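The numbers here are math on the coordinates, done by the rules we state, and not lab data. This is a predicted model, so every value here is computed, not measured. All Cβ positions, even for glycine, are placed from backbone atoms using ideal geometry, and neighbour counts span all protein chains on display.
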Amino acid sequence: MKWFGLNRTRNGLKSKIDWSSHLPKHIAIMMDGNGRWAKRRGLPRSAGHYAGMQTMRQTISMCHKNGIESLTLYAFSTENWKRPKDEVDYIISLVSEFVQETNVRELNENNIKVFFIGDISKFPEVTQQAMRKVVDETEENTGLKVYFAMNYGGKSDIIQAVRSIVKTKNEEEITEEEFEQFLYTGNNPCPDLLIRTSGEKRLSNFLLWQSAHTELWFTDEMWPDFNEELLYASILDYQNRKKRA
Ligand code: IPE
Ligand code: IPE
Ligand code: MG
């Protein structure tokens, strides 16, 4: 499936952005509203997740084309295991689908580097293998960094960092800067802009530490309806806030 090279710009928000300064380098997205999108159409929730996956691909492409450096996508939270097993299994199967050969080839053609954040050891072995494969196969790429948050929770991120840091550092060596290195996000700079779709205005256990200084941007659109105009609207808003600051 071809998912790069889409051009969905319909009006002129792109031209209103000053592309020379005050741009977000790292965008994080809470891709919420797949279920409600499907329900409104009389479709099963799985149809919403499938549509959301297509939107996710397009969003990676949009960020790539617009020179964003890092994109973190909240795809599956530590709380999402509480959903019905069928739904959980379907979301996990979409991940396996995403890391198919053709997609990996396109990621490589576009110089995109993939990471996973979260405890992926809880996923089926075959899924973990597919995740490791895409990470390995895109390792040399130097363009857009895409972080998939899978079985990610901000609280468990902090706990795993605490467990690691106390093994290697003395109490007096533990500073904010040092601690940050032990989080799943490691050296990657914290997000500048965090987008949540679907009208909800919660962090839902996403990047709790990392979003300490992040600009938050919300839209009522459901995730499958996210598009280039909304991305530009969020960037423009971010830029205006930063220029005022
Ligand atoms: C977000 O959409 C996708 C995941 C959490 C995996 P939801 O499935 O939460 O959709 P709503 O919020 O029920 O509409
Ligand atoms: C947040 O959405 C998690 C993801 C987008 C993966 P949820 O729909 O799971 O969060 P809550 O339940 O509304 O807080
Ligand atoms: Mg939701």
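Observations
- Separation of the stretch 196-245 from the stretch 28-79 is 14 Å, based on Cα centroids.
- Long-range lysine pairs (8 or more apart or interchain), the stretch 102-245, Cα under 18 Å: 5
- Short to long, the 5 Å bins of the Cα pair-distance histogram for the stretch 45-148 hold 2, 11, 23, 26, 20, 11, 5, 1 percent of all pairs.
- Viscosity 1.002 mPa s, 20 °C: Kirkwood-radius Stokes-Einstein D of the stretch 134-216 over Cα pairs, µm²/s: 147
- Semi-axes of the equivalent ellipsoid for the stretch 16-95, computed as √(5λ) from the eigenvalues of its C-alpha gyration tensor and ordered from largest down, come to 29, 14, 10 Å.
- Extent of the chain along its three principal axes (Cα atoms, max minus min coordinate, largest first): 55, 47, 36 Å.
- For the chain, share of DSSP beta bridges that run antiparallel, in % to the nearest 5: 0
- Within the chain, longest stretch free of exposed trypsin sites (Lys or Arg not before Pro) [DSSP loop, at most 16 other beta carbons within 10 Å]: 42-168
- Using 0.36 nm per residue and subtracting the Cα-Cα separation, the extra length available between D89 and E171 on full extension is 25.3 nm.
- Comparing G52, G143, G118 in a Gaussian network model of the chain where C-alpha atoms under 10 Å apart are linked, the largest mean-square fluctuation is found at G143.
- Segment H22-D220, extension gain: residue separation times 0.36 nm, minus the distance between their alpha carbons: 68.8 nm
- Mean ellipticity per residue at 222 nm, deg cm²/dmol - from DSSP H runs of n ≥ 4 across the chain, formula -39500 (n - 2.57): -13500 deg cm²/dmol
- Projecting the Cα atoms of F179, W217, V135 onto the charge dipole of the stretch 116-245 (Cβ charges, centred on the Cα centre) puts W217 farthest toward the positive pole.
- The Kirkwood hydrodynamic radius of the stretch 100-245, based on inverse pair distances between different Cα atoms, is 17.5 Å.
- Extending 7 Å from the Cα toward the beta-carbon at both K155 and K133 defines two label points whose distance is 3.5 nm.
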